[in-house]
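Report on the structure given below.
The values are calculated or read from the model by the stated rules, or taken from the named source; none is laboratory data. Note that the coordinates shown come from a computational prediction; the quantities given were computed from them, not determined experimentally. Using ideal geometry, Cβ is built from the backbone for each residue, glycine included, and neighbour counts are taken over all protein chains shown.
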Amino acid sequence: TTVPIPQPPWIPLIGNAHELDSEVPQTSFNLLAHTYGDIVQLDLLGRKVIVLNGYDMVHETCDEKRFQKGFAMSLQNVRNLVGDGLFTAYPEEPNWALAHRLLLPAFGTMPIRGMLDDMKDVCEQLLLKWERFGPTQSIDPTDDFTRVALDTLAFCTMSHRLNSFYFESPPAFAQSMGAFLKECYMRSKRPRVVQALMSGTNQKYVSDIDLMNALAQEIVDDRKANPTTKKDLLNLMLNARDPVTGQGLPEENIRNNMLTFMIAGHETSSGMLSFTTYYLLKHPDVMRKLREEIDTVLQGNPLEADQLDKLPYLTAVMRESIRLAPTASMRSMRPLEDTVLGGKYAVNKGDVLLVNTYMQHRDIGVWGNDAEEFRPERMLDGKFEALPPHAWQPFGFGMRACIGRAFAWQEITLILASIIQRFDLSFVDPGYTLRLHQSLTIKPEGLRIHARLRTDIK
Ligand code: MNH
């Protein structure tokens, strides 16, 4: 026998939509988790959404025989730009499997190491900027981390320089990307009739999409006119043929995937860099220990490829930071057939199950009573490897998990190691406590720092 899924009181027409904060719904989802527990059902303007907060619930959906990736409204909207690109492709679209097969090897740890020099090139621009600003400048780290993440992606995947660090405002492409993602997310919360009336907003949305597609096409055309032998992802997409069918990727899908890498890889990485900076500033003891490790391993020199896996404390800091602040804080799944969750909650084929990774990463059954605390030690000495399956899921699950994980991990390792090696960081406002900003991903709101060049560099 089944019981109803807990649901907050319902208001005619609105349903439960008023439960969600319009700026930072993540905080509302978390409050609902505290009130209703591991599973909560919401009616959002006529759309039923089932939110999974607890480890047991999420763990049960990590079974590709019973569940597959779902597509919440905001993700469906992202398709307006990138269609059947890897991140937004429906499981039945053939270009997902084709692109996945062709690209997966290129995203492995070893090929990504080959990109280290290009990553350093962009990282160096950030370091120089902070060095020249000097210790009194108030720095918005999230803003600069977004520049570094976007430039790194464009440079490493298609050898294109966005040069974000050389302009005061972000390049047109980056502005369009930001506006587009925000609007995808806003659209998911607007009734259709309201949307139809917002002609100015809708025109802007279309022109942002056109601008980004035009840049992607320009880069493809340029590469075709001026072929190179560089092993970047663009060349791979243009030249690779499927060993099984001999098929290549259609040009539209190549554009979709170029833009997909930019979307999936920049806010997530820049948010992770920002949150990690915040946690390190809040925990000077951790910062000291980390600095010691970096100084000992790097010996005052730039990070080299063979040192990437020789910084265990930095790895633990990163794992712990993305546990407490999973920048992709929500993803969806859907049941392949009508089924029962947790032995008592009926869910139907096609229902939207929202996995609340933020709460999953705070389940005291897995993490203990200090689940809310930033404590990298819990990720050290084999403890990470000994976690229950699917407990730590910042990169999603199964065959639709993040393909860019090794890329992001290497990029963030490089940037954090380089910054901490070179600068003493501090809060502009020592009383700053974490507030969230949310679009498709979460990042810290209002974080400002000083960066003082170290004089005691070892
Ligand atoms: Mn990434 C999918 C998190 C960096 C490219 N990424 C996912 C998913 C999560 C995720 C979670 C699963 C989404 C879902 O189930 O709907 N990604 C991250 C995080 C970082 C990140 C937390 C950085 C930190 N991702 C990157 C980078 C790239 C990238 C960098 C590209 C270079 N991610 C992707 C792609 C997918 C994805 C592509 C979709 C994969 C698929 O469905 O086949």
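At a glance:
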{"read-out": "Residue in region 28-38 that is surrounded by fewer than 21 Cβ atoms within 10 Å (Cβ to Cβ), under 20 Å from the mean Cα position of the chain (by Cα), aromatic (Phe, Trp, Tyr) and within 16 Å of the ligand (Cβ to nearest atom) present", "value": "no"}
{"read-out": "Subset of region 199-236 (residues that are part of a helix (DSSP H, G or I) and of a type in the set (Lys, Arg))", "value": "204, 223, 224"}
{"read-out": "Matching residues in region 281-315 - criterion: being over 30 Å from residue 173 (Cβ atoms) and within 16 Å of the ligand (Cβ to nearest atom)", "value": "314, 315"}
{"read-out": "Residues (of a type in the set (A, V, I, L, M, F, W, C) and within 22 Å of the chain's Cα centre (by Cα)) located in region 324-366", "value": "324, 325, 328, 330, 333, 352, 353, 354, 355, 359"}
{"read-out": "Residue in region 328-343 that is in contact with an Asp or Glu (Cβ under 8 Å, 6 or more places away or on another chain) and within 16 Å of the ligand (Cβ to nearest atom) present", "value": "yes"}
{"read-out": "Selected residue (only one of 287, 330 is in contact with a strand residue (DSSP E or B) (Cβ under 9 Å, 6 or more places away or on another chain) and over 23 Å from residue 52 (Cβ atoms))", "value": "287"}
{"read-out": "Single residue of 162, 181 found to be more than 19 Å from the chain's Cα centre (by Cα), within 29 Å of residue 443 (Cβ to Cβ), among the aliphatic types (A, V, I, L, M) and crowded, with 17+ Cβ neighbours inside 10 Å", "value": "162"}
{"read-out": "Residue satisfying condition, being within 16 Å of the ligand (Cβ to nearest atom), loosely packed, with under 15 Cβ neighbours inside 10 Å and over 26 Å from residue 340 (Cα atoms), within set 94, 12", "value": "94"}
{"read-out": "Flag if residue 355 is among the β-branched types (Val, Ile, Thr), away from the ligand (no atom under 11 Å from the Cβ) and within 28 Å of residue 334 (Cα to Cα)", "value": "no"}
{"read-out": "Any pair with Cβ under 9 angstrom, 6 or more apart, that starts in region 255-267 at a residue that is on the phi > 0 side of the Ramachandran plot and in a helix (DSSP H, G or I) and ends at one that is at pLDDT below 95 and not hydrophobic (A, V, I, L, M, F, W, C)", "value": "none"}
{"read-out": "Verdict on residue 303 being of a type outside the set (Gly, Ala, Ser), assigned to a loop (DSSP other than H, G, I, E, B) and modelled with pLDDT of 95 or more", "value": "yes"}
{"read-out": "Test: residue 224 is within 16 Å of the ligand (Cβ to nearest atom), of a type in the set (D, E, K, R) and farther than 22 Å from residue 177 by Cβ", "value": "no"}
{"read-out": "Test: residue 296 is among the hydroxyl-bearing types (Ser, Thr, Tyr) and within 27 Å of residue 445 (Cβ to Cβ)", "value": "no"}
{"read-out": "Cβ-Cβ under 8 Å pairs, at least 6 apart or on other chains, region 22-35 side touching a residue at least 60 places away in the same chain (Cβ under 8 Å) and among the hydroxyl-bearing types (Ser, Thr, Tyr), far side part of a helix (DSSP H, G or I) and surrounded by fewer than 13 Cβ atoms within 10 Å (Cβ to Cβ)", "value": "none"}
{"read-out": "Candidate set from region 130-157 (those that are more than 16 Å from the ligand (Cβ to nearest atom) and farther than 19 Å from residue 427 by Cβ); member that is surrounded by the most Cβ atoms within 10 Å (Cβ to Cβ)", "value": "131"}
{"read-out": "Filter result (among the hydrophobic types (A, V, I, L, M, F, W, C) and not in a loop (DSSP other than H, G, I, E, B)) within region 38-61", "value": "39, 40, 42, 44, 49, 50, 51, 52, 57, 58"}
{"read-out": "Criterion: farther than 30 Å from residue 136 by Cα and of a type in the set (Phe, Trp, Tyr) - qualifying residue of 374, 427, 423, 397", "value": "397"}
{"read-out": "Sole residue being touching a His at 6+ places or on another chain (Cβ under 7 Å), of a type outside the set (Lys, Arg) and assigned to a helix (DSSP H, G or I), chosen from 150, 127", "value": "150"}
